[in-house]
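Report on one structure; see the data block that follows.
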Amino acid sequence: MTAHPDHRREGLLAALADIVADATDGELAAADLLAAAATPFVALGIGSLAQLRLVDAVETRYEVLLDLDGDGDFLRSLAALADHLVAVHGVAESSVAEIDVAESSVARNSEAQSRAAASA
């Protein structure tokens, strides 16, 4: 069963909103970023350093290379970044879900190991 394209995009936007929130050191909440997905990053107060952190985090999470030598239009807004990742790099909801499941699994394993070590 394939997810509806709008749901795939929502999942990607939500994941990217979390990444942007981290890149801004929590100055912007993910929920606020989602609500303003088409608003330019500059208008939201996201500066160049946070944008570089964002690029690094996106490249690491999705295993892509974002070309900063071009016009950088993909850094215009959350929606533009999501559209770019889908259109140019083929990032899809399935890759977002796989990453989230893997991160959840790692977190559960870490918690289990911590509990085991504490009870030993």
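Does ALA117 satisfy the criteria of being assigned to a helix (DSSP H, G or I), at pLDDT below 95 and not basic (Lys, Arg)? Against the criterion (assigned to a helix (DSSP H, G or I), at pLDDT below 95 and not basic (Lys, Arg)), ALA117 qualifies. The residue of region 37-78 that is nearest to the chain's Cα centre (by Cα), among those that are of a type in the set (Gly, Ala, Ser) and within 14 Å of ALA21 (Cβ to Cβ), is ALA57.
Contact map, region 76-92: first residue closer than 13 Å to GLU59 by Cα, second residue aromatic (Phe, Trp, Tyr), Cβ cut-off under 7 Å, separation 6 or more or different chains; pairs are LEU81/PHE74; HIS84/PHE74; LEU85/TYR62; HIS89/TYR62; VAL91/TYR62. Of all residues in region 44-75, those satisfying the criterion of being under 21 Å from GLY26 (Cα atoms) and aliphatic (A, V, I, L, M) are LEU44, ILE46, LEU49, ALA50, LEU52, LEU54, VAL55, ALA57, VAL58, LEU75.
The values are calculated or read from the model by the stated rules, or taken from the named source; none is laboratory data. Keep in mind it's a predicted model, so treat the numbers as computed, not measured. Here Cβ is always computed from backbone atoms with ideal geometry, including for glycine, and neighbour counts include all displayed protein chains.
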